[in-house]
1. Of the residues Glu143, Glu104, Glu57, which is exposed (fewer than 11 other Cβ atoms within 10 Å of the Cβ) and either among the acidic types (Asp, Glu) or farther than 23 Å from Ser22 by Cβ (or both)?
2. May I ask you to verify whether Thr10 is modelled with pLDDT of 85 or more, of a type in the set (Ser, Thr, Tyr) and open to solvent by 40 Å² or more (accessible area, probe 1.4 Å)?
3. Looking only at residues in the stretch 140-181 that are assigned to a helix (DSSP H, G or I) and among the hydroxyl-bearing types (Ser, Thr, Tyr), which one is modelled with the lowest pLDDT?
4. Looking at the stretch 30-110, what strands (runs of 3 or more DSSP E) fall wholly within it and have at least 3 residues that are of a type outside the set (Lys, Arg) and within 24 Å of Thr180 (Cα to Cα)?
5. Taking the stretch 85-98 only, how many residues are open to solvent by 20 Å² or more (accessible area, probe 1.4 Å) and either in contact (Cβ under 8 Å) with a residue 40 or more places away in the chain or touching a strand residue (DSSP E or B) at 6+ places or on another chain (Cβ under 6 Å) (or both)?
6. Only one of Met1, Met9 is closer than 30 Å to Lys166 by Cα, outside any helix (DSSP H, G or I) and not aromatic (Phe, Trp, Tyr); which?
Amino acid sequence: MIKKYEEKMTKTLESLDRDYNSIRAGRANPHVLDKIKVDYYGTPTPLQQVGNIAVPEPRIITIQPWEASLIKPIMKAIQTSDVGINPTNDGKIIRLIFPELTEEHRKELVKDVKKKAEAAKVAIRNIRRDANDAFKKAEKNNEITEDELKDLQTKVQKSTDKYVKKVEEAMDVKSKEILTV
């Protein structure tokens, strides 16, 4: 009975990790390109499927398209995205050069990280509330006993505490990564 609520909590944590991967932390991270879609013969296609993405240096990402005709659409997709970096190309390879982050920008990113963590914690607590509501309803309908209700509520609270702790750990790791120069 508790399994489906734990799965929802796990998905919340996975979503937070994806959000954190897309935050630029001063060093090149190919995951910042995960949400970018390129117009490939009229079909929006993930950038990873139209070229080879590499990180040859800590602050540079290179994209080598499978076809030379894709350079312009890839450049356009990156420019219209929220990556915030202007791509350059030499006719074969597209380069994204990440500038050093200013102290002020780092602090803004940490605020954003904390905001995303707080949203994840709220989502986890909402899942707990939904679980408890379902358990109370089951008890009211005589599907479970009062003791089973208390046991389920205790278990879902333990799961909630565990996942909130994981969110806080992820937030601390990402904040340290951003603040490390």
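1. So the residue among Glu143, Glu104, Glu57 that is exposed (fewer than 11 other Cβ atoms within 10 Å of the Cβ) and either among the acidic types (Asp, Glu) or farther than 23 Å from Ser22 by Cβ (or both) is Glu104.
2. yes
3. Filtering the stretch 140-181 for residues that are assigned to a helix (DSSP H, G or I) and among the hydroxyl-bearing types (Ser, Thr, Tyr), the one modelled with the lowest pLDDT comes out as Ser175.
4. Result: 51-57, 60-65.
5. 4
6. Only one candidate passes the filter, namely Met1.
The values are calculated or read from the model by the stated rules, or taken from the named source; none is laboratory data. This one's a predicted model, so the numbers in the text were calculated from it and none came from an experiment. Neighbour counts are summed over all protein chains in view; Cβ atoms, including those assigned to glycine, are modelled from backbone coordinates with ideal geometry. We work out accessible area using only protein heavy atoms, side chains counted, and drop any ligands, DNA or RNA first. Shrake-Rupley method; radii C 1.70, N 1.55, O 1.52, S 1.80 Å.
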